[in-house]
Amino acid sequence: MDIRIVSTKNRIQGGLISVIKQKPLYQIKDKDIINEAEVSAASYYKYYRDKSQVLKDLETELIKQFSTALYADSKGWLSLKYGPNKKEISNRIDNNLSNLIAFTSSKKEVITVLISKNGDPAFKAKMLELTAAVIKRLLIRFFQIYDQLSRLDGKSLK
């Protein structure tokens, strides 16, 4: 993709984040984003239909990156064939959270704004749902390792 397009879209998304810091999402107008991003209306509407499309584009990319980090870090846990001791668990925690920590560190401000009271409650729900799915897989794997899977039969993991 052309660097100018990426730059313009990033400015528009950054404008949205800046405006969300000032007022709730439902009060934001396209004009607010255009002014904050310092782009022309023509540029804005060339790439986005409205604020909801800007939000969707931004959140889709964040969820994709979050998912990639979460699943990359969970591979080390899911590959276990035996019950690790405390030292191995400690080492796995140190070595298998790096992607998630790097993602959250680099996107901290944007994530904080999106899950704030002015942001999008659906975004927070998506992130929690994704995290819960990975945790569920990890719990099932540990029940398998310890030959306790039968204890889960007929019970749902919450």
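Each value in this text was obtained by applying a stated rule to the coordinates, not by laboratory testing. Keep in mind the model is a prediction, meaning the values are calculated, not measured. Virtual Cβ from ideal backbone geometry, glycine too; neighbours counted across all protein chains shown.
Cα-Cα over 32 Å: which of Lys51/Lys108; Lys46/Lys126; Lys23/Lys136; Lys107/Lys136; Lys51/Lys75? Violating the 32 Å limit, Cα to Cα: Lys23/Lys136; Lys51/Lys75.
Multiplying the residue separation of Ile140 and Tyr45 by 0.36 nm and removing their Cα-Cα distance gives an extension gain of 29.5 nm.
Taking a straight Cα-Cα cut-off under 19 Å and skipping sequence neighbours fewer than 8 places away in the same chain, the aspartates and glutamates within cross-link reach of Lys124 are Asp57, Glu59, Glu61, Glu109. Extension gain, Thr104-Asp147: 0.36 nm per intervening residue step, less the Cα-Cα distance, totals 12.1 nm. Note on the stretch 48-155: along the principal axes its Cα atoms extend 52, 34, 22 Å, ordered by decreasing extent. Set Lys and Arg Cβ to +1 and Asp and Glu Cβ to -1, take the dipole of the stretch 6-114 about its Cα centre, and tell me which of Ser90, Tyr26, Val113 lies farthest positive. Farthest towards the positive end: Ser90.
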